[in-house]
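To start, the structure under review is shown below, and the notes come after it.
The values are calculated or read from the model by the stated rules, or taken from the named source; none is laboratory data. Quick caveat, the model's predicted, so the values are computed rather than measured. Glycine gets a Cβ as well: all are built from the backbone with ideal geometry, and neighbour counts include every protein chain shown.
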Amino acid sequence: MSGQQVRVLMCTQCGAPVEASSAGGMLTCDYCGATLHVGAAHTGPIDFGHADLGLSPEQAEAARLQSLRKQAEHYDENGPYTYMYAPDDLEYLAASDETADDFIPMALQAFNAAVQRCEASGNQLEAQRRVY
């Protein structure tokens, strides 16, 4: 997909990362073989739909982190979204206790800042990686 904008989505069947062109279309998950129909990329602000699910921002962040753990089962160290090492300015999160009361608010604040930077950059790949 060189020369095109690429986005990485989660497989709806197994949670693995799936690359899709911004134009959308039919694709197959490399991990579980599920066939997915992906619509064209949304170009507006990123909406994670927690309001639609009736989740508070903290609950949505906890669900997002759980989803990332599921994706870790399909980790590819050569993939575009490798996450073995936290960016320097986020190492404090990697070293934090996920069960501590202040972890989810800290993670949510860092995530929201990354989303804002991503949107401001026009969703450039490096900014997307920071959101991931």
Which residues, taken from the stretch 12-33, are assigned to a loop (DSSP other than H, G, I, E, B) and either among the acidic types (Asp, Glu) or modelled with pLDDT under 75 (or both)? Ser22, Ala23, Gly24, Asp30
Considering residues of the stretch 70-80 that are loosely packed, with under 12 Cβ neighbours inside 10 Å and among the acidic types (Asp, Glu) only, the residue modelled with the highest pLDDT: Glu73
From the list Leu36, Leu9, exactly one residue is outside the structural domain of Arg117 (by TED's automatic domain parsing), modelled with pLDDT of 70 or more and closer than 19 Å to Glu126 by Cα. Which is it? Leu9
Scope the stretch 17-30; condition closer than 15 Å to Ala72 by Cα and out of contact with any Cys (no Cβ under 6 Å at 6 or more places or on another chain); matching residues: Pro17, Asp30
Among the numbered criteria (1) at pLDDT 80 or above; (2) surrounded by 15 or more Cβ atoms within 10 Å (Cβ to Cβ), which single criterion is violated by Ala41? (1)
Does the stretch 81-104 contain at least one residue that is part of a helix (DSSP H, G or I), at negative phi, surrounded by 12 or more Cβ atoms within 10 Å (Cβ to Cβ) and modelled with pLDDT of 80 or more? yes
